[in-house]
Amino acid sequence: MSTGTGADSAPGPNRTTTPTPSPPARKNTMFSSLRIRNYRLFATGQVVSNTGTWMQRIAQDWLVLSLTGSASAVGITIALQFLPMLLFGLYGGVLADRLPKRPLLVATNTALGLTGLALGALTVTGHVQVWHVYLAAFLAGLITVVDNPARQTFVAEMVGKRQLANAVSLNSANFQSARLVGPAVAGVLISAVGSGWAFLLNGLSFAAPIAGLLLMRTRELHPVERQPRAKGQLREGLHYVAGRPELIWPIVLIGFVGTFGFNFPIWLSAFTDDVFQGQAGLYGLLNTLIAAGSLAGALLAARRGLARLRLLVVSAVLFGAVLTATAFAPGFWLFAALLVPIGAFGLTVNVTANSSVQMATDPEMRGRVMALFMMVFTGGTPLGAPLLGWVTDTYGARIGMAAGGLVSLAAAVGVGLVMARVGRLKLRLDLRPGRPHVTFVPREGLAAAA
């Protein structure tokens, strides 16, 4: 999560400032990154804007469903939001490697705030049409092309490599904490005063991260050399990843899971409307349950610290299996309860893949590698969301959700077997009483690379 010199991340006369010496190393704890002032400011601003973002997501999906009555239309909205990442994501990574992160993030947060305010004004005044929502989703996605890799890579400049895995996990915990509050607040607002106020509050929420960025101390950042403008940087990034199995296979796996397994707005809106005959408040509740599981997964990842590729594969297998089983849950309360482990396993997949990829990447390449990571994770949504929206509309919510779970499960098993072969591992089944499990162990005489 880093590129761009820390000194260049904000105005200042001294362009060669080095970070303030770190205190003696202390053992990593669940919240150890929060000892760093700049990261505390960043995290505080993010939790406010993330809450607004989740409010807008819920309000946006419900508004589209209300205007059209179609799960496919919800899928189109999601697709438009992530289409720019698919088309231009790698260029965003090149910009993140070239430009100073802090002023870049101030600009992207400002633009995202204005987008939310504009959509809110249209909705509150009663002039909103579905194409307005489509356009707002596309514009937000276009801004995110630059914002996402810049924000992901800026974390390493704030905390350094030793705290990077912990900070990545806390970022996810931050996002999921907001997910606990945002959908619930959105459900109340939509029911009481309409979707427009959720959009307006989201627009205003971006003032918090902007203030946090402006209050940071430049001298305490960890400088990373910015890449000068040059030809072939995009191709260089792709070649860099292609030659490293420890990068390419986690990215492949997260691409499948992101494209087919993370389409919760489609499935939960369809289950709410068609299966359980509920309203916006129930939709918000279901999203909150997934968020509760995701938060638990993020905190456990922060405590664990080390990202292991075998954990990535196992959590992806469990995610796909539980997602498939949940699709056929016979009653509401069992369905709702199973959303919690879905959130936990899904978040573990995301955090473990993110951390392992960043830790294995050289700092000067991190922007481009993380742009590729985010491109396949969220950029696959324009392909997966309309397809699974159509399956959901045609065959029902249960079949649509099961389809996403089965594809995720198959991808996890396939990538796990490939990684085991690359790492020269073999399967071992341990059936000892009380401790049955499956694991990969080195083949005799060979070191395990995974």
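The values are calculated or read from the model by the stated rules, or taken from the named source; none is laboratory data. All values derive from a computational prediction rather than experimental measurement. Here the Cβ is made from the backbone with ideal geometry for all residues, glycine too, and neighbour counts use every protein chain on show. Heads up: the accessible areas ignore ligands, DNA and RNA and are worked out on the full protein's heavy atoms, side chains in. Shrake-Rupley method; radii C 1.70, N 1.55, O 1.52, S 1.80 Å.
Are any residues in the range 193-206 open to solvent by less than 20 Å² (accessible area, probe 1.4 Å) and aliphatic (A, V, I, L, M), and if so, which ones? Listed by number, the list holds a single entry, ALA198. The residue list GLY116, GLY160 contains one member that is modelled with pLDDT of 80 or more and either surrounded by 18 or more Cβ atoms within 10 Å (Cβ to Cβ) or out of contact with any Lys or Arg (no Cβ under 9 Å at 6 or more places or on another chain) (or both), which is GLY116. For the range 256-271, enumerate the residues that are modelled with pLDDT of 85 or more, open to solvent by 10 Å² or more (accessible area, probe 1.4 Å) and assigned to a helix (DSSP H, G or I). Listed by number, the residues that qualify are PHE256, THR259, PHE260, PHE264. A Cβ distance below 9 Å, combined with a sequence gap of six or more or placement on separate chains, defines the contacts here; from the range 377-393, residues that are more than 19 Å from ALA353 (Cβ to Cβ) reach residues that are of a type in the set (Gly, Ala, Ser) and not in a helix (DSSP H, G or I) in the pairs GLY389/SER70; ASP393/SER70. If the condition is being within 19 Å of PRO363 (Cα to Cα), open to solvent by 10 Å² or more (accessible area, probe 1.4 Å) and either of a type in the set (Val, Ile, Thr) or assigned to a helix (DSSP H, G or I) (or both), then the range 52-102 contributes LEU90, TYR91, VAL94, LEU95, ARG98, ARG102.
For ASP274, the criteria (1) open to solvent by less than 30 Å² (accessible area, probe 1.4 Å); (2) over 20 Å from GLN358 (Cβ atoms) hold in every case but one, which is (1).
Based on this model, can you work out whether ALA296 counts as touching a residue at least 60 places away in the same chain (Cβ under 8 Å) and at negative phi? Judged against the criteria, ALA296 is not a match.
For VAL407, state whether it is open to solvent by 20 Å² or more (accessible area, probe 1.4 Å), in a helix (DSSP H, G or I) and in contact (Cβ under 8 Å) with a residue 24 or more places away in the chain.
yes
For the range 143-157, filtered to residues that are farther than 22 Å from ARG37 by Cβ and in contact (Cβ under 8 Å) with a residue 40 or more places away in the chain, the residue that is surrounded by the most Cβ atoms within 10 Å (Cβ to Cβ) is PRO149.
Counting residues in the range 207-230 that are part of a helix (DSSP H, G or I), open to solvent by 40 Å² or more (accessible area, probe 1.4 Å) and among the hydroxyl-bearing types (Ser, Thr, Tyr) gives zero.
On the basis of being hydroxyl-bearing (Ser, Thr, Tyr), surrounded by fewer than 23 Cβ atoms within 10 Å (Cβ to Cβ) and assigned to a helix (DSSP H, G or I), does THR326 make the cut? For THR326, the condition - hydroxyl-bearing (Ser, Thr, Tyr), surrounded by fewer than 23 Cβ atoms within 10 Å (Cβ to Cβ) and assigned to a helix (DSSP H, G or I) - is met.
Kindly indicate whether GLY293 is in a helix (DSSP H, G or I), closer than 30 Å to MET419 by Cβ and either open to solvent by less than 50 Å² (accessible area, probe 1.4 Å) or among the small types (Gly, Ala, Ser) (or both). Criteria met by GLY293.
Quick check, is ALA140 assigned to a helix (DSSP H, G or I), closer than 29 Å to TRP267 by Cβ and in contact (Cβ under 8 Å) with a residue 24 or more places away in the chain? Yes; evaluated as a whole, the condition is true for this residue. Of all the numbered requirements in (1) open to solvent by less than 20 Å² (accessible area, probe 1.4 Å); (2) modelled with pLDDT of 90 or more; (3) β-branched (Val, Ile, Thr); (4) within 24 Å of ASN174 (Cβ to Cβ), THR352 misses one, and that requirement is (2).
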